[in-house]
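**Student:** Below is a structure I'd like to ask you about.
The values are calculated or read from the model by the stated rules, or taken from the named source; none is laboratory data. Bear in mind that the values here come from a model prediction, so they are computed numbers and not experimental data. No Cβ is skipped: glycine too gets one built from the backbone with ideal geometry, and neighbour counts run over all protein chains shown.
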Amino acid sequence: MTKTVSPSPANNRRSTPLRRPDPRQHADPLSYEHPWPSMADYAKRLALVSDAARTRHAYYRAMRLVHEHFSCDPASISENQLRDYILHVKTVRLWRPKTIRQTLACAKLFFVDMLGHRHWTLFSQVKIKDHDELPPVLSRDQVRALLLHVRLRRYRIPLKLIYCCGLRLSECLSLTIHDILGKENKLFVRASKGHKDRMVPLPTTMVEDLRAYWAFHRNPLLLFPNAGRGNTHGEPLRDRMHAASDPMPVSSIQRLMITARKELNLPFGSPHTLRHSFATHMLEGGASLHTIQSLLGHKQIDSTMVYLHLTHQSAQNTLRLMEGLCSDLPR
C-alpha cells in the first residue's frame, strides 16, 4: 500500500484514535424498543457496567430469552421459576456450559444487582462444568484446498489473513488501512477481545496480497469494505466498495464457509477453525506456547495450552519417547 496507507507505528500511536468499524454491527440495547420497563432499566445497567456493545447485546438477549420463555415481565419472575428455566436449558435444550454460565451471570445482574434479590441462593447452587472438547483443526492440505475453492478474492483474502495471522473473524474484518505496517511486516490488531491491542507479524506474501486487494477498491479507511448488493464484478463492485462506510458483515464469511465445507466434504470448518489451525500448525513448526499466546491475544496461557493436545508433532514425539521406554523391557 502507499505511504499514506502504511504509516509508521510511531505515527499510528500519536494519531487521533480512529472510529473502529464493527463488522458485527451490534446496536446498543439502550436504543431497543423494550417490551417491559424493567428491560429498559436493564439496558441502562448494562451501559454502566460494560463498554463493549457485543457484551451488552449478549446480556440483553439472554434476559430477553428468559422473559419470552415465561411470557411475562421478567421482574415478576420468582427464584423457583428461574431455577426451572435453568434446569430446562440444561437438561432439555442441552445448552453448552459456557452459555448456561453466561445466562446465570446475566440473571444475577438483573435479579440481584438491579432488583436487589440478594437472598436468592440459586446462583451459588448451580454448578456447571465444561466439557473436555478439543477445538476442530484442519490439516495444512485442507486449508490449502479450502482457499483454492474460494474463487472470489474479496472472500479468499480475509480467510487467508485469518489463517496466516491467527485472527478472529471480527478482528480481521474491522481492520483499516492504517493497521497494515507493510514496511515493518506487522499487523496492528486494535481493540480486540477484552479491549486489548496487539501487534502480530505479517508475512510478506500477505502484505502483497493486501496491497493488490486494496488497489482494487481503494476505500479511504476500510481494508475489507462491504460490497453491498448488485453487480459482483468490475467497476460497479469497485465503486460500491470504495464508497462503503461499513466493513463486510461477518455473516457473509460464515455463510461462505458453510457452503465451502459441504462442497469439499470437510467434517468441520468455520472462520474460527482457521484460527485454531494456525495455532496448531505454528506449534507443530516449533513456535513456543508463549509466542502463540501473544499472537492469539490470549489473556491466560491455559487457553493456549489446548493446542498441545492437537498437534500431530507432539503426538509423534510422545510416541517416540514411549517406544524408547518400552524397547528394552522384558517381553
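**Student:** Checking Pro7 against (1) exposed (fewer than 14 other Cβ atoms within 10 Å of the Cβ); (2) over 26 Å from the mean Cα position of the chain (by Cα); (3) at pLDDT below 80, which single condition isn't satisfied?
**Tutor:** Result: Pro7 passes all but (1).
**Student:** Does region 149-201 hold any residues that are in a loop (DSSP other than H, G, I, E, B), at negative phi and in contact (Cβ under 8 Å) with a residue 40 or more places away in the chain, and which are they?
**Tutor:** Val150, Leu152, Leu167, Arg168, Ser174, Leu175, Gly182, Lys183, Glu184, Arg190, Ser192, Lys196, listed by residue number.
**Student:** Is it the case that Ala40 is more than 30 Å from Val189 (Cβ to Cβ) and in a helix (DSSP H, G or I)?
**Tutor:** Yes.
**Student:** Can you name the residue in region 275-296 that is among the aliphatic types (A, V, I, L, M) and crowded, with 20+ Cβ neighbours inside 10 Å and is also farthest from Ile162 (Cα to Cα) among such residues?
**Tutor:** Selected residue: Leu283.
Each row is one residue, and each column tells you yes or no for (1) farther than 19 Å from His34 by Cα; (2) out of contact with any strand residue (DSSP E or B) (no Cβ under 8 Å at 6 or more places or on another chain); (3) surrounded by 12 or more Cβ atoms within 10 Å (Cβ to Cβ).
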{"position": "Met63", "(1), (2), (3)": "no, yes, yes"}
{"position": "Val89", "(1), (2), (3)": "yes, yes, yes"}
{"position": "Ala107", "(1), (2), (3)": "no, yes, yes"}
{"position": "Phe111", "(1), (2), (3)": "no, yes, yes"}
{"position": "Thr121", "(1), (2), (3)": "yes, yes, no"}
{"position": "Lys127", "(1), (2), (3)": "yes, yes, no"}
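**Student:** With the structure loaded, tell me whether Lys196 is in contact with a helix residue (DSSP H, G or I) (Cβ under 9 Å, 6 or more places away or on another chain), among the basic types (Lys, Arg) and in the same structural domain as Leu159 (by TED's automatic domain parsing) or whether it fails that test.
**Tutor:** Answer is no for this residue.
**Student:** Would you confirm, using the coordinates I've provided, whether Ala145 is small (Gly, Ala, Ser), surrounded by fewer than 19 Cβ atoms within 10 Å (Cβ to Cβ) and either touching a Gly at 6+ places or on another chain (Cβ under 6 Å) or in a loop (DSSP other than H, G, I, E, B) (or both)?
**Tutor:** no
**Student:** Of everything in region 92-120, what is without any contact (Cβ under 8 Å) to a residue 24 or more places away in the chain and over 26 Å from the mean Cα position of the chain (by Cα)? Give them in sequence order.
**Tutor:** Val92, Val112, Gly116, Arg118, His119
**Student:** Which of the residues that make up region 246-257 are assigned to a loop (DSSP other than H, G, I, E, B) and under 16 Å from the mean Cα position of the chain (by Cα)?
**Tutor:** Met248, Pro249
To keep it simple, each residue is scored yes or no on (1) at pLDDT below 90; (2) surrounded by 12 or more Cβ atoms within 10 Å (Cβ to Cβ); (3) over 15 Å from the mean Cα position of the chain (by Cα).
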position: Leu264; (1), (2), (3): no, yes, yes
position: Gly269; (1), (2), (3): yes, yes, no
position: Thr273; (1), (2), (3): no, yes, no
position: His298; (1), (2), (3): yes, yes, no
position: Gln313; (1), (2), (3): yes, yes, yes
position: Asn317; (1), (2), (3): yes, no, yes
position: Arg320; (1), (2), (3): yes, no, yes
position: Glu323; (1), (2), (3): yes, no, yes
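**Student:** Just checking, how many residues over region 152-204 are surrounded by fewer than 22 Cβ atoms within 10 Å (Cβ to Cβ) and more than 24 Å from Ser251 (Cβ to Cβ)?
**Tutor:** 17
**Student:** Hey, can you tell me all the residues within region 65-89 that are of a type in the set (A, V, I, L, M, F, W, C) and outside any helix (DSSP H, G or I)?
**Tutor:** Listed by number, the residues that qualify are Cys72, Ile77.
**Student:** Could you grab me the full set of residues in region 203-245 that are assigned to a loop (DSSP other than H, G, I, E, B), of a type in the set (D, E, K, R) and modelled with pLDDT of 90 or more?
**Tutor:** Answer for region 203-245, where residues must be assigned to a loop (DSSP other than H, G, I, E, B), of a type in the set (D, E, K, R) and modelled with pLDDT of 90 or more: just Arg218.
**Student:** Mind checking which residues of region 50-64 are closer than 16 Å to Arg101 by Cα and free of Cβ contacts under 8 Å to residues at least 24 places away in the same chain?
**Tutor:** Once the filter is applied, which keeps residues that are closer than 16 Å to Arg101 by Cα and free of Cβ contacts under 8 Å to residues at least 24 places away in the same chain, region 50-64 yields Thr55, Arg61.
**Student:** Another one. Return the total of residues in region 90-136 being closer than 26 Å to Ser303 by Cβ, part of a loop (DSSP other than H, G, I, E, B) and hydroxyl-bearing (Ser, Thr, Tyr).
**Tutor:** Result for region 90-136: 0.
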